Structure formats: C-alpha cells, structure tokens
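For reference, the structure is listed below as structure tokens.
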Amino acid sequence: MSIIIGAFYFFYFALIGVHIIFVPKILSMVGYSAVDIGIIFASAPLVRFVVPFLFLKGFKLDQKAFLTALILMVLGAVSFYPSLTSFWPLLMSNIVFGIGISLLLPYIEVIALERIGKESYGKIRLFGSLGFIAVALVLVRYLDEPKIGIDFLIAMALASSILGGLIGSLENKKSAAIAEISDQSQTFNPLAHLSLWIGFLLMQVSFGPFYNFFTIYATDHGVSLNTTVWLWSFGVLAEIIMFYFQGPLLRFNLFRLLQLTALFTAIRWLIVALFPENLTLLFFAQSLHALSFALFHTAAISILFSLYRSKRLAQQFFFGISYGLGGFLGALGAGVLYQYAPAWLFVGGAIAALAAAISFSVHFKKN
C-alpha cells in the first residue's frame, strides 16, 4: 500500500503543481486581469472551506464520497478546455475541480498516518514533492500555448484518479467502516482549540501571494520563466530533504514547531518583498519552504491526528479551514494587493504569517 500511496502523492501533487504554477500564468496569457485570476483561484479554496461542514450534517467521508471526488476532479480538469476563455464557465470549472480535490487528500492522509506513522510519513509524502518538481521542470519546456498546460492538467488528474481508485478498492472496507462510524459518533469541536485553528487559517492566508502570484510577480521583476520554475523547484527540493529527515524533529514539542515555522515563513515573505530581483536571496527564501511547508504541514496534521478522536473529520477541517478559507482569503487578498498595491503583495503575506505565529503562541500558553 505504501508504494501505491507514494505514487498517488506523485501524480496528485504534479496536478497541484500545474494548477498553481502554470494556470495563473496561462490565464494571464489569455488576458485575465489580476483581480479575475484572484477570484478564479479563490473559488476552489472557498469550496474546500464549505465542504467539511457538510460532514457535520450527516455526510460521511467514506469510500463512496472518495470515488465521487475522483470523478469530480477529472471532470473539472477536462472542463478547463472549453471554458478557458470565458470567465464564468472557467469559474464553474474551477469550483468543480475544487470540490474534487477538497475531499481526496484528507482521506489519503489518514490512511498514510495509520499505515506509516508520523515519523515515517515524510518518506512517502516526499513523492508528492517529486511529482510537483518533475511536472514543473517538464512543462516549462513545452508551455508554448495555453492549451498545452491544460493537457498536462488533465493527464495528471486522470493518473491521480486511477491510483486513488486503486487505494480506495484496496483499503479494508470493514476497518474503514468501523473507523468512519467512530468518526461520526464523536463530537468534533474546533472552538475548543480556537487559537490553533486561527493560526492554521492565517498561515495559509500568508501563502496566497506565493501560490497564486509568485510566477507572475517574479517574471514581472525581470526573472525569466525558466529561472522562476527553478526557484519553485529549489523550494520543493528543500521540502523533499525536510520530509526525508524530519522524523527526529517530530519527537520535540509540535506546538513549538508550529511557532518557529510560522516565524520563518514571515521572514521568507519579507525577503521576497524586499529583494524581488536578487536571485541569491530569492533562492534562500525558497530554501525556507522546508520549514514553512514541509515541517509545518507534518507537525500540523500530526497534532490533529493525536488531538481529536474524529481523525478524518479533523483532517477534513484542517484542509477546509487552512487551505480552504485561508486559501480563499489569501488568493482574493493577493489579487487585490497585486492589482492596486503590488509592492505590498508579500508584505501582506509576512504580516499574516507573523499573526499565525502569535496565534500558535497563545494556544501554547493556554495549553
């Protein structure tokens, strides 16, 4: 199962790589404004935020929901083709795509943590980083016209859906059913750890400028598209190294790790804001991705895995509140900032990351 989960991570995050690195650039090439791009990319995270609340009303994140999500992901990716040059159809395509991807990762993450454990999780999760960097290095060579990027998006979605379907079929149905009944029977209350969830939200808000506008921002400051892709790839390389060697770090206080990674993330965005044309400093900022994403992500999902008895629901809310609502606010805010105050784009990200560090500190002191 570990090999299949690793392969799923590879193609799933290759899909995410196409979506966040190249699709904003493709939309810019087609003629969309920064605000239009911000709205389109805010739609999928908003769906991620809404979907978890359905599970509090009786829906179950079971195998049926998982397979439905796989189908929606593929349909959303395919519909990018006919809707690429029309704002409202493209917005709907991105929403369908967002519904699909919002359900997949929480389901897989719980299986990975149960089967592999938090200290070995990174050695499987790093295959996702390899997929992300591989598609970035390949697609940059062939992105001569917008539809080529959409072809890659569809291909990665199909590969992810095939592997995801295989994982769903291999997962023991009896144990999955028992786990799901247990999940639904437990009371889930994020408000009991409010400052922790606020920190998760703000941390992802801080990534809004990076995920949605870094390619455009870098190229607008004279960095070539090829070099920009290498900057993305360098950050993912740092992430891969951290995923592989992070096991011993996860034996320390996980809440302290959240604080430290949020602080380093604030420093990272300040460097990008102040030195957008200095390649040496940009590469250094990207090296901090090892902390601001890899170590932070594993610490966060490990905390939730041990903190709540409703494990799948906790992971669903993590992706919904952080990557969902946080991604929505980050994308929308970044679009407005880059349209009207571009110099403040990554300063805004730094402020959000610093606020996240403060929120984690408040939670640590209370608990």
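Every number in this text was worked out from the coordinates using simple rules, so none of it is lab data. From a predicted model like this one, the values you see are computed outputs, not experimental measurements. Backbone-built Cβ (ideal geometry, glycine too); neighbour counts: all protein chains shown.
Per-structure values
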read-out: Charge dipole (debye, nearest 20) of segment 239-367; +1 at Cβ of Lys and Arg, -1 at Cβ of Asp and Glu; value: 640 debye
read-out: For segment 225-367, convex hull volume per residue from C-alpha positions, Å³; value: 119 Å³
read-out: Protection proxy ranking, peptides 312-323, 337-348, average beta carbon neighbours within 10 Å, highest first; value: 312-323, 337-348
read-out: Solution diffusion estimate, µm²/s, Stokes-Einstein, the chain, Kirkwood Rh from C-alpha pairs, 20 °C, viscosity 1.002 mPa s; value: 105 µm²/s
read-out: Ranked by how many other beta carbons lie within 10 Å on average, peptides 97-104, 80-87 from highest; value: 97-104, 80-87
read-out: Cα lying deepest toward the dipole's positive end in segment 2-366, options Leu250, Gly199, Trp269, charges on Cβ; value: Leu250
read-out: Estimated dipole of the chain in Debye, rounded to 20 [Cβ of Lys and Arg +1, of Asp and Glu -1, Cα centre]; value: 1020 debye
read-out: Relative contact order computed over segment 2-366 (Cα-Cα under 8 Å; 6+ residues apart), in percent; value: 31 percent
read-out: Cα extents of segment 35-125 along the three principal axes, largest first (Å); value: 45, 33, 23
read-out: Selected from Ile40, Phe284, Phe318, residue furthest toward positive end of dipole (segment 2-366; charges at beta carbon); value: Phe318
read-out: Mean Cα-pair separation over length for segment 270-367, i.e. relative contact order, pairs under 8 Å, 6 or more apart, %; value: 28 percent
read-out: Dipole of segment 2-366, positive end: most advanced residue of Gln259, Phe8, Ser306 [Cβ charges, Cα centre]; value: Ser306
read-out: Two-decimal Rg to Rh for segment 98-167 - Kirkwood Rh, Cα set; value: 1.04
read-out: Count, lysine Cα pairs under 16 Å in the chain, 8 or more residues apart or across chains; value: 7
read-out: Over 19 Å [Cα-Cα, segment 203-304], rounded percent; value: 41 percent
read-out: Alpha-carbon centroids, segment 203-226 and segment 27-57: separation in whole Å; value: 17 Å
